[in-house]
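To start, the structure itself, in structure tokens.
The values are calculated or read from the model by the stated rules, or taken from the named source; none is laboratory data. This structure is a prediction, so every number in the text was calculated from the model and none was measured. With ideal geometry, Cβ positions are generated from the backbone for all residues, glycine too; neighbour counts draw on all protein chains shown.
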Amino acid sequence: MYARPSGTVIAKDDDGQLSFILSRLFRAFRNKDPKEVQQKAVPPRVVLAIARLDRSESQLAVGQLVRLGFFFAMRSREYLKVPKAEEGRTKILVLQNLGFIRDGKVMRHDDLELERADRLAVTFEMQKKDDKNDTVHHKATQD
């Protein structure tokens, strides 16, 4: 490692290769990391089965959350509370993160015709990849 006259520290040796010390440090990090555990994907029929559970308000809300999360391929921590040990940088969605739009105008959340919105805007406040306030728009579907 050496410093340029500008004060910038370079992490490469004189031969242009990654510094020996950093190379060993990175290898130690890789060795210490737990093995990645693949999770099975949820099939769409499970999402539809959950969506059909509309006997109570809470079941209806859970069905809507599951469909939203599945449709936008969200991480569970973006729409569910998780134990503190699993908390990350990702922020949970709140009502203010959802914008329902009809004819180019944002609808109020208490609008009785909210289901007639022609577009949904979801704003993710903070993501694991350091994107802040990333808004995703999607047109309404038959579902």
Within the range 36-74, track down each residue that is more than 22 Å from the chain's Cα centre (by Cα) and of a type outside the set (Gly, Ala, Ser).
45, 52, 53, 54, 55, 57, 59, 60
Evaluate the following for residue 24: is it over 23 Å from residue 132 (Cα atoms), at pLDDT 75 or above, touching a helix residue (DSSP H, G or I) at 6+ places or on another chain (Cβ under 8 Å) and not β-branched (Val, Ile, Thr)?
no
Residue list for the range 83-102, restricted to those being assigned to a loop (DSSP other than H, G, I, E, B), modelled with pLDDT under 75 and exposed (fewer than 14 other Cβ atoms within 10 Å of the Cβ):
83, 87, 88, 89
Among (1) in a helix (DSSP H, G or I); (2) touching a Ser or Thr at 6+ places or on another chain (Cβ under 8 Å); (3) at pLDDT 75 or above; (4) not polar (S, T, N, Q), there is one condition residue 124 misses while meeting the rest; what is its number?
(1)
Here the residues within the range 103-121 that are exposed (fewer than 10 other Cβ atoms within 10 Å of the Cβ), at pLDDT 90 or above, closer than 27 Å to residue 48 by Cβ and among the charged types (D, E, K, R) are 113
Identify the residue in the range 40-75 that is part of a helix (DSSP H, G or I) and surrounded by fewer than 12 Cβ atoms within 10 Å (Cβ to Cβ) and, among all such residues, is modelled with the highest pLDDT.
45
